[in-house]
1. Could you look through segment 45-85, keep only residues that are hydrophobic (A, V, I, L, M, F, W, C) and in a loop (DSSP other than H, G, I, E, B), and pick out the one that is surrounded by the most Cβ atoms within 10 Å (Cβ to Cβ)?
2. List the residue pairs whose Cβ atoms are under 7 Å apart, where the first residue sits in segment 12-28 and is free of Cβ contacts under 8 Å to residues at least 40 places away in the same chain, the second is in a helix (DSSP H, G or I) and surrounded by 13 or more Cβ atoms within 10 Å (Cβ to Cβ), and the two are 6 or more positions apart or on different chains.
3. Looking at the structure I just gave you, is residue 28 more than 14 Å from the chain's Cα centre (by Cα) and in a loop (DSSP other than H, G, I, E, B)?
4. Identify the single condition in (1) in contact with an Asp or Glu (Cβ under 9 Å, 6 or more places away or on another chain); (2) modelled with pLDDT of 95 or more; (3) open to solvent by 60 Å² or more (accessible area, probe 1.4 Å) that residue 1 does not satisfy, given that it satisfies every other one.
5. Take the residues of segment 10-32 that are within 13 Å of residue 69 (Cβ to Cβ) and of a type in the set (Gly, Ala, Ser): which is surrounded by the most Cβ atoms within 10 Å (Cβ to Cβ)?
6. Checking residue 36 against (1) modelled with pLDDT under 95; (2) more than 17 Å from residue 10 (Cβ to Cβ); (3) open to solvent by less than 50 Å² (accessible area, probe 1.4 Å), only one condition comes out false. Which one?
Amino acid sequence: MTSVLASPAHLADAVHEIYRWWRSGDRVVAVVSAIGATTDRLLREAEQLSARPDEEATAELLATGEAESVALLKLALAKAGIPSS
């Protein structure tokens, strides 16, 4: 399954799809990216601070979008009784 979640409200869709495969005994690897326009927003913030933002600092900033998505998905999976790591 490939998906881009437009908002945190769509996490339930991802949980449903993960559960469908997990319930049948499959091991699931969910690749998570930032939700919605988070990456674009973070890039705009970096560019407001510098016309040529530092690449390493920009990567660290963008990683916060993925980290947020991971945490939200893990919370949603826990609520559904699906283990995650």
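The values are calculated or read from the model by the stated rules, or taken from the named source; none is laboratory data. These figures come from a predicted structure and were not determined experimentally. Reconstructed Cβ throughout: ideal geometry from the backbone, glycine too, with neighbour counts over all protein chains shown. What goes into the accessible areas is simple: the full protein's heavy atoms, side chains included, and nothing from ligands, DNA or RNA. Shrake-Rupley method; radii C 1.70, N 1.55, O 1.52, S 1.80 Å.
1. Within segment 45-85, the match that is surrounded by the most Cβ atoms within 10 Å (Cβ to Cβ) is 82.
2. Note: pairs meeting the criteria are 28/18; 28/21; 28/22.
3. Values: more than 14 Å from the chain's Cα centre (by Cα): yes; in a loop (DSSP other than H, G, I, E, B): yes.
Yes; evaluated as a whole, the condition is true for this residue.
4. (2)
5. Among them, the one singled out is 14.
6. (2)
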